Amino acid sequence: MDDAKEKLIASIRNVPDFPIQGIQFKDVTTLFKEADCLRILSDILYEMYKDKGITKVVGIESRGFIMGPILATRLGAGFVPVRKPGKLPAATIEESYTKEYGTDTVQMHADAISPDDVVLLHDDLLATGGTMQAACRLVKKLSPKQIMVNFIVELYNLNGRAMFDPAIEVESVLRMEE
Ligand code: AMP
């Protein structure tokens, strides 16, 4: 791996047993707070997606709301939030997904994406993939031309990427063990 990615990995803080016992929480705020790391990450993301014709970046609440708009600005694309229920003010569409305990729901404005859009969904981290899969189903309901998915960190040993439709290009900047 190149020096830039090594530097980014070293900047991510591992917090054991947060939010519950047994989880190794990857805290990306320690990457974002370093000016050098924030710029390097922004540059890497821009290089990955600059030639893909992306017109909308969709960020997942809440840590997808940090690099999502930064990347959208650099790509000359718009930004669309996917949020937890009850937060968006206008008409929404929604999708539910199963978590280890119970279910969760994500919502997006019903008019946020149009059929001529090329969409990149972004979140900070891929674990099991349940959240992003639900977000992909949401976006698909609005029939864009193409859907791509990006994470800053992929916990590769959980093999979350195996859950995605093979038609969806899934990329991550950094691969780490859980
Ligand atoms: P999943 O749906 O299992 O892929 O979980 C992804 C969501 O939960 C992302 O929005 C992450 O921010 C968060 N998440 C899950 N596991 C971790 C972890 N070990 N460290 C940091 N964030 C996590």
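The values are calculated or read from the model by the stated rules, or taken from the named source; none is laboratory data. These numbers were taken from a predicted model, which means no experiment stands behind them. Cβ atoms come from the backbone with ideal geometry, glycine included; neighbour counts cover every protein chain shown.
In the range 114-124, is there at least one residue being within 16 Å of the ligand (Cβ to nearest atom), exposed (fewer than 13 other Cβ atoms within 10 Å of the Cβ) and outside any strand (DSSP E or B)?
Looking for residues that are within 16 Å of the ligand (Cβ to nearest atom), exposed (fewer than 13 other Cβ atoms within 10 Å of the Cβ) and outside any strand (DSSP E or B), one finds none in the range 114-124, hence no.
Applying the selection to the range 136-171, what residues are in contact with a helix residue (DSSP H, G or I) (Cβ under 9 Å, 6 or more places away or on another chain) and in a loop (DSSP other than H, G, I, E, B)?
Those that are in contact with a helix residue (DSSP H, G or I) (Cβ under 9 Å, 6 or more places away or on another chain) and in a loop (DSSP other than H, G, I, E, B): Phe164, Asp165, Ile168.
Suppose we filter the range 82-95 for residues that are more than 13 Å from the ligand (Cβ to nearest atom) and either closer than 15 Å to Gly64 by Cα or surrounded by 12 or more Cβ atoms within 10 Å (Cβ to Cβ) (or both); how many remain?
Of the residues in that region, 5 qualify.
Quick check: anything in the range 108-126 more than 19 Å from Met67 (Cβ to Cβ) and touching an Asp or Glu at 6+ places or on another chain (Cβ under 9 Å)?
No, that holds for no residue.
In the range 1-108, which strands (runs of 3 or more DSSP E) lie fully inside it and hold 3 or more residues that are out of contact with any helix residue (DSSP H, G or I) (no Cβ under 7 Å at 6 or more places or on another chain) and not polar (S, T, N, Q)? Before the answer, list the steps.
On the way: elements: 13-16, 24-27, 56-60, 78-82, 92-98.
Counting at least 3 such residues, we get 24-27.
Considering the range 134-178 alone, what residues qualify as being at pLDDT 95 or above, more than 17 Å from Tyr97 (Cβ to Cβ) and among the aliphatic types (A, V, I, L, M)?
Leu142, Met148, Ile152, Val153, Leu155, Val173, Leu174, Met176
Which one of the conditions (1) within 16 Å of the ligand (Cβ to nearest atom); (2) surrounded by fewer than 19 Cβ atoms within 10 Å (Cβ to Cβ); (3) modelled with pLDDT of 95 or more; (4) over 25 Å from Val118 (Cα atoms) does Ile12 fail to meet, given that it meets all the rest?
(2)
Considering only the range 132-154, I want to know if a residue exists there that is in contact with a Ser or Thr (Cβ under 6 Å, 6 or more places away or on another chain) and within 16 Å of the ligand (Cβ to nearest atom).
Yes - at least one qualifying residue is present in the range 132-154.
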